[in-house]
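Since the structure comes first, as structure tokens, the remarks are kept for the end.
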Amino acid sequence: MAPVSRRQFIGGSFFGVAGLATAGLLSSCAPSAKEASRADGAPEQTLTANTGAEENPAWVDLNPQETYDENNGDVSALFTEIQVGTMTLRNRICKASAGSDTGSSRSPQLTQNTIDYYGRIADGGAALVILEEGTVGGLGMNPFRPMACNTLEEGIAEARRIVDRVHEGGAYIGSQIGIGSPIDPGDVNAYSREEIKRMVTGIGDSAVAMVKAGFDCVEIKGATTDGLNQFLTRRINRREDEYGAATEENRVRFFREIVEEIRSRCGSDLNILVLINALEENDSVLGLNDGYITIDEAKFLAQTLENAGADMVQVRIGTLEQEANCWASDTMHCVTGAHGTSGNGGQFDLGVHFGGLMDGAHDGVGAFIPLASEVKSAISIPVGCASYMDPRIAPDLINNAVAAGNVDLVFMNRPLTVDPQLPNKLMEGRFDEIAPCTRCFHCHGKPYGEAEMCRVNPTTQFAYTDEFPEGYDLEPAQNPLSVMVVGGGPAGMEAASVAAERGHHVSLYEKGGSLGGLLAFADAVKGPHEHLAVLKKYLADRLDALGVEVNTNADVTAELVKEIAPDAVIVATGGMRETRFDGTTSMDDYASAEIGDRVIILGANLQATDVAQQLLAQGKHVTLINEKSDADVSAGQSYWVRKYVKAHLASHGITTFNNATIENATSSKVVFTTAAGYKKSLEADTVIECFDMAPNNSLAKELEDAGISVYRAACDNPSNIQNAIHEGYRVSRYLN
């Protein structure tokens, strides 16, 4: 049975509610985040938990959703060959250029992690692999960065290591070149003609070096808000010379000259791919799009670049503020009920904004396909797009788009990072064996000062580091053991699978009646966007395939462990909830509790904000009382999800009292002191406790005291799904 859509998940009471007006600006759909976030500054008083959230919110029905996970088993269109310049691609699946956090772009040498990361993707069946900009620092891939190697010859020799590795996997290889993103808006107007000519020549030099290193293609980045794109968009380009904004020919001249330079110097030895914005939209003040790139301008650019010698066009979108909207527009769907969220508190009507040319009906899957089709109608060379083009999740949708000729190439990054074998498994019909990308965005936090880690594949950012110095592959167990895993959540399921894969004899014991731990709860609260039900099934299927003995409704005690007498015990019991006040609703009881219209949530971690999103979408009036700082609101979510969620909650009337001191709470009232020192009494129909989970390690301590060999996985510091899976993997990787 197909999973419920997000609209069905939120509640049937909202069907039939009139949608928002589709004309004009939509920035007035919600109060400003600045107004709604005010939380301090009043003397002691009694309030009601009414933060202004509207009854039956109309924004829930904006951008209605359709089912997108149909799978008739036919993905044949994805595995047809296609000619791109001189390259005959074996299928339509391509690795998009994106940061991998596998090495330094300033290092003279490639890390083994970088080489293996891309090599494994080639081994997995991808037809084309595009390296992230600056991966091969010795070739001067960015004119604004110094050469990373002492000589160009040294750089070419180093680059051949990764070129040869990808070729061994059967894929073509390219790398991205841009003129850099450090350019501030307006700086393009200060370049002299001589500087522009020098950049054109410099990129040509890099292209020649790429040919010598064995690269098959180069991707010229003219998308998002990078320097080259700033020549193309009238809102930034204020030049008055031949590179100025007065005419389309002038705006595209720099880009055209780069393509012509590469073609004239490299001939047919290097295929030229171009990455462009097919359309731009103001995501800060919706509807104010003067000077933004239009679809007609994008078509003209694509035609010009084809005539100059380009072999393929990949399309994205451009926005003013939120970078993720440009290349991972499924972030527009990461807030429960708010399909089309802008990341700034507003909400796109995707039937109107972006010229109505973005697919807003499939939860962000294949969002750029209509744009690709529109650009494709204007040129004769292949067109591709990314933005969660995941055939594991939406096989019919993606395959049919290729079969219909709406898009030629399927670019992806996150799904291939999670499972490099995705193309091979897909071609062989092994859909359920593909590790699913859950769109959590923990893989993209380093540019914003956060650690990066894949939720589902623990090795991605950690191979060849102190964590996993041996690299990606598991080593067989030196001495196979009988292993007892206690806990059937993500940590326990991962630990059991990895131990079994290494050759240990594994049995798993779960106290409840089913596996998954809090995955089922998270899926029920979040809805289908993160595919947590798919993840749960994938983890369970692995246990079955690896022959793990699964025991549910099993209350494990020290006595039982002694009776079974395993060689090793992995305690993966997760966390436990502690309630501090009588009469409140605990998170353990939330799913079955009757929730009133006015709700106070004590705590503001990721579970608290997930619940707040769900209740807000149901028309509830919600207040968060947080004993920590604003930086801890939605803690445990990735940078991008947290950013979009916080903006949405604030702009839709949810007040968050940060740095509060909670003195008492009942089923209908909370007494607390604000950060400013004011004592408040806030009334509500329901008070939910959602404080951070506490360690659940008493069994581990008891077993250790009894002299039993114990390994702990996510029971000491319970936090979120990716940390649980990571800990389960780490423990079993080194279990001997």
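What follows is calculated from the coordinates using simple rules that are stated; it is not laboratory data. Keep in mind the model is a prediction, meaning the values are calculated, not measured. Positions of Cβ are generated from backbone atoms using ideal geometry, with glycine treated the same way; all protein chains shown enter the neighbour counts.
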>> How would the chain be classified by its alpha-carbon gyration tensor: rounded, prolate or oblate, with rounded meaning a/c under 1.5 and the a/b versus b/c comparison settling the rest?
In response: oblate
>> Using the crude model of +1 on Lys and Arg Cβ and -1 on Asp and Glu Cβ, and no other charge, please compute the dipole size for the chain relative to its Cα centre, in debye to 20.
In response: 800 debye
> Tell me, what HN-Hα J-couplings in whole Hz come from the Karplus equation 6.51 cos²θ - 1.76 cosθ + 1.60 at θ = phi - 60° for each residue of segment 656-672, using x for Gly and Pro?
Replying inline: 10, 8, 8, 6, 8, 10, 7, 9, 7, 8, 10, 5, 9, 7, 10, 10, 8
> How much length is gained on full extension from GLU153 to THR465, taking 0.36 nm per residue of separation minus their Cα-Cα distance?
Replying inline: 109.5 nm
> Which whole-Hz ³J(HN,Hα) couplings does segment 280-297 yield from phi under the Karplus relation 6.51 cos²θ - 1.76 cosθ + 1.60, θ = phi - 60°, glycine and proline marked x?
Replying inline: 10, 8, 6, 8, 8, 10, 5, x, 8, 10, 4, x, 7, 5, 9, 5, 5, 5
> What FRET efficiency would be calculated for the residue pair SER268, ASP473, taking the C-beta separation as r and a Förster radius of 51 Å, to the nearest 0.05?
Replying inline: 0.85
>> Quick query: amide H of ILE177 versus all other amide H atoms, modeled in the peptide plane; which residues come in under 5 Å with a sequence gap of 5 or more or a different chain?
In response: GLU219, ILE220, LYS221
> Do any GluC sites (Glu not before Pro) in segment 409-512 lie in a DSSP loop with no more than 15 other beta carbon atoms within 10 Å, and if so, which?
Replying inline: GLU428, GLU450, GLU467, GLU470
> Here are some pairs, LYS425/LYS446; LYS197/LYS221; LYS221/LYS646; LYS526/LYS701; LYS526/LYS669; LYS95/LYS221; which of them have Cα atoms lying more than 24 Å apart in this structure?
Replying inline: LYS425/LYS446; LYS221/LYS646; LYS526/LYS701; LYS526/LYS669
> Which of the peptides 240-247, 514-521 is most tightly packed, and how do the rest follow, going by the mean number of other Cβ atoms within 10 Å of each residue?
Replying inline: 514-521, 240-247
> Could the peptides 273-285, 395-407 be put in order, highest first, of the mean number of other beta-carbon atoms found within 10 Å of their residues?
Replying inline: 273-285, 395-407
>> For a quick check: with amide H placed at 1.01 Å from N, whose amide H comes under 5 Å from ASN271's, ignoring anything fewer than 5 positions away on the same chain?
In response: CYS217, VAL218
> What residues qualify as long-range amide H neighbours of VAL506, i.e. H under 5 Å apart, gap of 5 or more or another chain, H built at 1.01 Å from N?
Replying inline: VAL483, GLU549
>> Restricting to DSSP H runs of at least four residues, report the calculated mean residue ellipticity at 222 nm for the chain, -39500 (n - 2.57) per run over all residues, nearest 500 deg cm²/dmol.
In response: -9000 deg cm²/dmol
> Relative contact order of segment 207-267: what whole-number percent is it, with Cα pairs under 8 angstrom and at least 6 residues apart?
Replying inline: 29 percent
> Applying 1/(1 + (r/R0)^6) with R0 = 51 Å to the Cβ-Cβ distance of ASP630 and GLU168, what FRET efficiency is obtained, to the nearest 0.05?
Replying inline: 0.55
> What per residue convex hull volume, in Å³, do the alpha-carbon atoms of segment 657-736 yield?
Replying inline: 141 Å³
>> Explain nothing, just the number: dipole magnitude of segment 675-736 about its Cα centre with +1 on each Lys and Arg Cβ and -1 on each Asp and Glu Cβ, in debye rounded to the nearest 20.
In response: 260 debye
> What order do you get for HIS167, HIS648 when you list them from fewest to most C-beta neighbours inside 10 Å?
Replying inline: HIS167, HIS648
> Can you give the relative contact order of segment 554-652 as a percent, counting alpha carbon pairs under 8 Å and 6+ residues apart?
Replying inline: 22 percent
>> I'd like the Karplus ³J(HN,Hα) series for segment 686-697: coefficients 6.51, -1.76, 1.60, θ = phi - 60°, whole numbers in Hz, and an x wherever there's a Gly or Pro.
In response: 9, 10, 10, 8, 9, 6, 4, 6, 9, x, 10, 10
> Relative contact order, percent, of the chain when contacts are C-alpha pairs under 8 Å separated by at least 6 residues?
Replying inline: 16 percent
> Ranked by Cβ crowding within 10 angstrom, fewest neighbours first, how are SER97, SER387 ordered?
Replying inline: SER97, SER387
>> For a quick check: sort MET427, MET484 by the number of other beta carbons within 10 angstrom, fewest at the front.
In response: MET427, MET484
>> Once you order the gyration tensor axes a ≥ b ≥ c over the Cα atoms, which shape class does segment 505-566 get: rounded for a/c under 1.5, otherwise prolate or oblate by comparing a/b with b/c?
In response: oblate
> Which of the trypsin sites (Lys or Arg not before Pro) found in segment 375-460 are loop residues per DSSP with 12 or fewer other Cβ atoms within 10 Å of their Cβ?
Replying inline: ARG430
>> Full-extension gain between ASP567 and THR661, please, as 0.36 nm times their residue separation minus the C-alpha to C-alpha distance.
In response: 29.1 nm
>> Is there a quick way to get the dipole size of segment 584-736? I mean about its Cα centre, with the Cβ of Lys and Arg at +1 and of Asp and Glu at -1; what is the value in debye to the nearest 20?
In response: 560 debye
> How long is the gain from SER482 to ALA190 if the chain were fully straight, where each residue apart is worth 0.36 nm and the alpha carbon distance is subtracted?
Replying inline: 98.2 nm
>> Just to be sure I understand: of the beta bridges DSSP finds with both ends in the chain, what percent are antiparallel, rounded to 5?
In response: 20 percent
> Which residue, chosen from GLY318, PHE348, GLY337, occupies the Cα position most advanced towards the positive end of the dipole of segment 263-377, where the dipole is computed from +1 (Lys, Arg) and -1 (Asp, Glu) charges on Cβ about the Cα centre?
Replying inline: GLY318
>> If I model a spin label as a point 7 Å beyond the Cα along the Cα-Cβ vector, how far apart are those points for ASP241 and GLU81 in nm?
In response: 4.7 nm
> Using the per-residue mean of other Cβ atoms lying within 10 Å as a proxy for protection, in what order, highest first, do the peptides 675-686, 527-538 fall?
Replying inline: 527-538, 675-686
